[in-house]
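A.B. asks: Take this structure first; my questions come after.
Laboratory data are not the source of any read-out in this text; all were calculated from the coordinates shown. Quick caveat: nothing in here was measured; it's all calculated off a predicted structure. Ideal geometry is used to build each Cβ from the backbone, glycine not excepted, and the neighbour counts take in all protein chains shown.
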Amino acid sequence: MSGQAGHIIVKNLTKIFARSDLNATLVALENLDMEILPTEFISIVGTSGCGKSTLLRIIAGLETATFGQVFCDGEAIRDTDPRRGLVFQEHSLFPWLSVRDNIAFGLRATGKYRSSVELVDRMISIVGLQEFANSYPHQLSGGMRQRVSLVRALIVSPNVLLLDEPLGALDSFTRMNMQDELLRLWNEHRNTMILITHDVDEAIYLSQRIYIMSPRPGRIACEIPLRISYPRNRSSSEFVNVRNMILRKLDFAKEEQEDYNL
Amino acid sequence: MSGKTVSIPAEATPAPKGALSQGRTPTPWELRQLESAPKSKSRASADRVICGLPIVMAALVIAQYKLAPNVGNAITTDTYTYFILFMAFLVSVKFIMSCFSKTSYEKLLAKAPLYTAGFLLFALYDYATLKSGILPLPYFPWPDRILNGIYEDRALLLDCIKNSLILLFSGYFAGVFAGLLTGLASGLSSRVRYWVMPLIQILGPIPSTTWLPIILIVASSLFGGSVFLIALGVWYPVTMTSMLGVLNIPKANFEAARTLGAGKTRLVFKVALPATMPHIFQGLTQGMSVACTALMVAEMMGVESGLGWYINWQRGWAEFAKMYGAVIVICVTFSIVNFLLSLVKRRVLRWQEVNWN
Ligand SMILES: Nc1ncnc2c1ncn2[C@@H]1O[C@H](COP(=O)(O)OP(=O)(O)O)[C@@H](O)[C@H]1O
Ligand SMILES: [Mg+2]
């Protein structure tokens, strides 16, 4: 369906924020380069405040780059596009719409609702929420809300799915279930996945490549390819080795942050 | 630990009543029964008595009216008797229903004290006027006279209600429409806000009825002028609440909608508008009370029809019974209007996490 679409290239990206409170500016991202291939699942980890969300929001088209450019399938990104879906950390479901209507929102917005009404029902059953189709978001648990957010973004079959700590607010059981859910959806849809997480295990469990970001200004500190076959075993020696390596690198990143603070 | 066996107190683990043991989930009513503290026998029978109290009170009202001696040689009719009987009939229907349906029993139990107080008020007023003369004629006609006044003038009153409602809703909807337009626009666009804010700050705090004398002179039609007056009063709260509502919408709502492919129009009508609805309804309720006030002022000062005009007119003739009658009719009419508005509100805002009880 998406074929070879979903190719993201970030070139020399710099983002500077104006800080109205201090009458100063803040360099959130500096000269950032990365390339994500179609159908690839990558993760970005880094300490909080290092610019992960900013990077994702620029790729989504919600924020504009100060310098440099981001391309999606050869086109410079200027605005949001339903081909690049975004799932937020906090539930950003529309509280006034039922689960069904939340999920159908993207189809309606892109004028595809009429031709794919049954797709909504299929999506609802994929995440096992048939009984809650007519419930409102406040009647759902945190995990259910995030599942709705996921399929709401997926239903318009985006080439790229941007996930900003989508499981960050969930308890560890729900989170592990949702990680399997994510892999299942990725296998089915074969879109490019860019996941931000502060959970190193989650990044190793899910992705083919991990970017580690260093803070202030945000940069790619290093890039770690993972060749472990799916489904991954969290206690295998490969898994544990990678985890130890990443934790060491993150420590290094922390030292750097302290230098910048001085 | 010692070998003592721990016994579980009986009331801590109530045996599942019917519903659960049959393997189905309880209905909301059963759930409330399961979770609420069990009622004692005496409490349950006291509740039964409370449900019957309005009927007893109604009987007392009629007994006092028919049996107690009147002050002076007052002429009385049976209009009041029939009226109370009719009210008592309605309450009795509810009482009979409550014997068969648990939900209507709970509803009646909640309302019974209010109904009883209502009948008591009738009894007290009847006593103070007709039976004792503490409140003398002509300023304080007794209920029977007021009801007869309403009955005599029923055709005119109906016409007045119609005219009042037409004027009220013409002004109200015009004001709501204009208020939503300026409110949403200035919430969504800082440029519109820049130009509209001064207007709001100048016009807002002035009661719209202040402009009545000017409107009486300037307006070519009194009806049109009054519509404008009411609309102006409604416009302010609706503008303010819808603007603040839009400004308070979490940014994530707009961003999620944009990443899902929503265009400008959809962002306004499918995101901003529904997200602001709770605020807008505050403005709509506030606006309704402003509109009712403006309506009365307009009708008493200029417009020659409607309930406000009727009150003034009857006062001119010293027909106090009819004046009071009109006050009652106004109360009932406005209550019904506000009740309908609250029904719409509940329906539209059913997605909100609010306990309406
Ligand atoms: N809209 C904004 N205005 C000003 N500063 C911002 C804005 N958004 C983010 N920042 C700053 O940019 C830095 C990176 O933020 P963010 O991308 O949210 O980090 P992360 O997601 O990695 O925790 C932070 O220091 C934050 O204060
Ligand atoms: Mg973040």
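A.B. asks: Using θ = phi - 60° and the Karplus curve 6.51 cos²θ - 1.76 cosθ + 1.60, what whole-Hz ³J(HN,Hα) does each residue of segment B:252-258 get, with Gly and Pro shown as x?
C.D. replies: 3J(HN,Hα) across segment B:252-258, in whole Hz: 4, 4, 5, 5, 4, 4, 5.
A.B. asks: Using alpha-carbon pairs under 8 Å, 6+ residues apart, how would you state the relative contact order of chain B in percent?
C.D. replies: Working: 345 pairs, mean separation 56.2, N = 357.
It comes to 16 percent, rounded to a whole number.
A.B. asks: Listed here are the pairs B:Lys41/B:Lys102; B:Lys66/B:Lys162; B:Lys270/B:Lys345; A:Lys15/B:Lys251; B:Lys107/B:Lys322; B:Lys162/B:Lys322; which of them are more than 24 Å apart at the Cα? Can you show the working numbers first?
C.D. replies: On the way: B:Lys41/B:Lys102 17 Å; B:Lys66/B:Lys162 35 Å; B:Lys270/B:Lys345 18 Å; A:Lys15/B:Lys251 20 Å; B:Lys107/B:Lys322 34 Å; B:Lys162/B:Lys322 18 Å.
In this structure, B:Lys66/B:Lys162; B:Lys107/B:Lys322 exceed 24 Å between Cα atoms.
A.B. asks: Oh, and also: Measuring from centroid to centroid over Cα atoms, what is the spacing of segment B:85-110 and segment B:21-57 in Å?
C.D. replies: So the two Cα centres are separated by 14 Å.
A.B. asks: Can you tell me the mean projection area, over all orientations, of the convex hull of the protein assembly as shown's alpha carbons? Units nm², please. Don't jump to the answer; show the numbers that get you there.
C.D. replies: Working: hull surface 176.1 nm².
Taking a quarter of the hull surface, the average projection is 44.0 nm².
A.B. asks: DSSP loop (so not H, G, I, E, B), at most 15 other Cβ within 10 Å: list which GluC sites (Glu not before Pro) in segment B:282-357 pass both filters.
C.D. replies: Working: sites: B:Glu299, B:Glu304, B:Glu319, B:Glu353; in loops: B:Glu304, B:Glu319, B:Glu353.
Within segment B:282-357, the qualifying GluC sites (Glu not before Pro) (loop, at most 15 other Cβ atoms within 10 Å) are B:Glu304, B:Glu353.
A.B. asks: Pull out a ≥ b ≥ c, the square roots of the eigenvalues of the alpha-carbon gyration tensor of segment B:170-239, then state rounded if a/c is under 1.5, prolate if not and a/b is larger than b/c, and oblate in the remaining case.
C.D. replies: Note, shape of segment B:170-239 comes out prolate.
A.B. asks: Just in segment B:98-176: which chymotrypsin sites (Phe, Trp or Tyr not before Pro) are loop by DSSP and have at most 16 other Cβ atoms within 10 Å? List each step's numbers first, then the result.
C.D. replies: On the way: sites: B:Phe100, B:Tyr105, B:Tyr115, B:Phe119, B:Phe122, B:Tyr125, B:Tyr127, B:Tyr139, B:Tyr151, B:Phe169, B:Tyr172, B:Phe173; in loops: B:Tyr139.
Here the sparse-neighbourhood loop sites are B:Tyr139.
A.B. asks: Using the Karplus curve 6.51 cos²θ - 1.76 cosθ + 1.60 with θ = phi - 60°, work out ³J(HN,Hα) for each residue of segment A:103-117 in order, rounded to whole Hz, and write x for Gly and Pro.
C.D. replies: Using θ = phi - 60°, the values come out as 5, 7, 3, x, 5, 5, 5, 9, x, 10, 5, 3, 7, 9, 4 Hz.
A.B. asks: If you average the alpha carbon positions of segment B:140-156 and of segment A:64-104, how far apart do those two centres end up, in angstrom?
C.D. replies: Cα centroid to Cα centroid, the span is 66 Å.
A.B. asks: If only Cα atoms are counted, what is the Rg of segment A:8-261, and what is its Dmax, in Å?
C.D. replies: 18.5, 57
A.B. asks: Also: State whether chain B is rounded, prolate or oblate according to the following rule on the C-alpha gyration tensor (a ≥ b ≥ c being the square roots of its eigenvalues): a/c under 1.5 gives rounded; otherwise a/b larger than b/c gives prolate, and the remaining case gives oblate.
C.D. replies: Working: a/c = 3.03, a/b = 1.04, b/c = 2.92.
Oblate, since a/c reaches 1.5 and b/c is not below a/b.
A.B. asks: Which of these, B:Leu156, B:Leu260, B:Leu244, has the largest mean-square fluctuation under a Gaussian network model of chain B (Cα springs below 10 Å)?
C.D. replies: Checking each option, the largest mean-square fluctuation is seen for B:Leu260.
A.B. asks: Now for a separate question. For chain B, set up a Gaussian network in which alpha carbons nearer than 10 Å are linked by springs, and say which option among B:Gly171, B:Gly306, B:Gly204 fluctuates the most.
C.D. replies: B:Gly204
A.B. asks: On to the next question. State the Kirkwood hydrodynamic radius of segment B:41-148 in Å, one decimal place, computed from all pairs of distinct Cα atoms. Walk me through the intermediate numbers first.
C.D. replies: Values: mean 1/r = 0.0671 Å⁻¹.
Value: 14.9 Å, from the Cα pair sum.
A.B. asks: Select from B:Ile202, B:Ile166, B:Ile280 the residue whose mean-square fluctuation is largest in a Gaussian network model of chain B (Cα-Cα springs shorter than 10 Å).
C.D. replies: B:Ile202
A.B. asks: Counting Lys and Arg as +1 and Asp and Glu as -1, what is the net charge of the other residues whose Cβ lies under 10 Å from the Cβ of A:Asn31? Working shown, then result.
C.D. replies: On the way: positive: A:Lys11, A:Arg219; negative: A:Glu30, A:Asp33.
Local net charge: 0.
A.B. asks: Summing -39500 (n - 2.57) over the DSSP H runs of n ≥ 4 in chain B and dividing by its residue number, what mean residue ellipticity at 222 nm do you reach, to the nearest 500 deg cm²/dmol?
C.D. replies: Working: 13 runs with 252 residues, N = 357.
Computed ellipticity for chain B at 222 nm equals -24000 deg cm²/dmol.
A.B. asks: Next up: Let me know the mean shielding of B:269-278 by other chains, meaning the per-residue number of their Cβ atoms within 10 Å of its Cβ. Could the numbers behind the result be given before it?
C.D. replies: Working: counts 0, 7, 4, 0, 1, 4, 3, 1, 1, 2.
Partner-chain Cβ atoms within 10 Å, mean over residues of B:269-278: 2.
A.B. asks: Could I ask something else about it? Could you let me know the centre-to-centre spacing of segment B:172-195 and segment B:258-282, using Cα atoms, in angstrom?
C.D. replies: After rounding, the separation between the Cα centres reads 14 Å.
A.B. asks: Residues with beta-carbon under 13 Å from that of B:Asn253, excluding B:Asn253: net charge, scoring Lys, Arg +1 and Asp, Glu -1?
C.D. replies: Working: positive: A:Arg152, B:Lys251, B:Arg258, B:Arg266, B:Lys270; negative: A:Glu90, B:Glu255.
So the surrounding residues net to +3.
A.B. asks: Using a cut-off of 15 Å between beta-carbons, work out the net charge of the residues near A:Val10 (Lys and Arg +1, Asp and Glu -1, A:Val10 not included). Please report the intermediate quantities before stating the final value.
C.D. replies: On the way: positive: A:Lys11, A:Lys15, A:Lys52, A:Arg57, A:Arg78, A:Arg84, A:Arg209, A:Arg219; negative: A:Glu30, A:Asp33, A:Glu35, A:Glu40, A:Glu63, A:Asp73, A:Glu75, A:Glu223.
Charge balance in the 15 Å sphere: 0.
A.B. asks: Neighbouring Cβ atoms within 10 Å as the yardstick, rank B:Trp313, B:Trp29, B:Trp142 fewest first. Walk me through the numbers before you get to the answer.
C.D. replies: On the way: B:Trp313 17, B:Trp29 12, B:Trp142 24.
Arranged by neighbour count, lowest to highest, B:Trp313, B:Trp29, B:Trp142 become B:Trp29, B:Trp313, B:Trp142.
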